[in-house]
Amino acid sequence: MKKTIRIVSIALCVIMGMTTANAQMRYGAHLGAVHTAITSKTEYMPANDFSGGAVLEYDFNAKADKKHFLAVHFEINYSTKSNILLYPSDDASQSVIDKYEYSLAYLDMPLSLGYSINLGNHFRIVPRLGGYFSYGLSGDGFIESSPSGHPLGVGLSCFEGGDAKWEDQTFHYEPFNRSDAGLTGGIDLFFDRFFISCSYQYGLRKLITYNNSGALYFRNTYLTVGFLF
């Protein structure tokens, strides 16, 4: 938790410093949905989750008569990401898992560079590319397993892992990686200060590895609406 507070404090200090340095800074808020997907070799069920937070846009050389300009896009978001993973593991050393249902909450911080194109009549479009960092705030999961043909269900804290005992056997469940990072790209459509944003996150830090499902990486799509003050 202290690490999360430090990360947010640093980000806010950067935003405040940029805001006081130049009037070409605009900030606002947005909310919407995130389609949570992963790279799994076994079947899984993706989900539509929630994302919302603060948005900052910093324009370089954005003048009234300038149609095109570079813009820095930064966000601090609270996002939920959940899936149901089927048959990820049948190896006793990794635990025998028939189904793993989990719901995770993250602090997302994407940073990207965009190119704003004025379309006229208060419309502009901004394609952008960059990277993101996410930190796991909380995560709850429920695992179903059938060791020796006997059904077993256990609730877990995903970022902490844990043990489940069944008869004379103890199964250890590895924790998910709390931090995530990768590449991001998106496109924003503005009408005056209102905007619709679509973005994609390509995770480069694995969530966890199982013998059947392989290494799990996030592949998330965001669709949000917002307003710049």
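Ala215 meets each of the listed conditions (1) open to solvent by 10 Å² or more (accessible area, probe 1.4 Å); (2) under 15 Å from Leu85 (Cβ atoms); (3) over 19 Å from the mean Cα position of the chain (by Cα); (4) among the small types (Gly, Ala, Ser) apart from (3). The strands (runs of 3 or more DSSP E) located wholly in region 149-229 that include 3 or more residues which are touching a residue at least 60 places away in the same chain (Cβ under 8 Å) occupy 169-173, 179-191, 194-203, 214-216, 219-228.
Of all residues in region 104-135, exactly one satisfies the criterion of being open to solvent by 60 Å² or more (accessible area, probe 1.4 Å) and either in contact with a helix residue (DSSP H, G or I) (Cβ under 6 Å, 6 or more places away or on another chain) or hydroxyl-bearing (Ser, Thr, Tyr) (or both), namely Tyr115. Taking residues in region 120-135 that are under 18 Å from Tyr217 (Cα atoms), and partners anywhere that are assigned to a strand (DSSP E or B) and aromatic (Phe, Trp, Tyr), the pairs with Cβ atoms closer than 6 Å and at least 6 places apart or on different chains are Ser134/Tyr106. If the condition is being modelled with pLDDT of 90 or more and open to solvent by 60 Å² or more (accessible area, probe 1.4 Å), then region 80-98 contributes only Tyr87.
The values are calculated or read from the model by the stated rules, or taken from the named source; none is laboratory data. All values derive from a computational prediction rather than experimental measurement. We place every Cβ from the backbone using ideal geometry, glycine too, and count neighbours over all the protein chains shown. Surface areas here come from the heavy atoms of the whole protein model, side chains and all, with no ligands, DNA or RNA. Shrake-Rupley method; radii C 1.70, N 1.55, O 1.52, S 1.80 Å.
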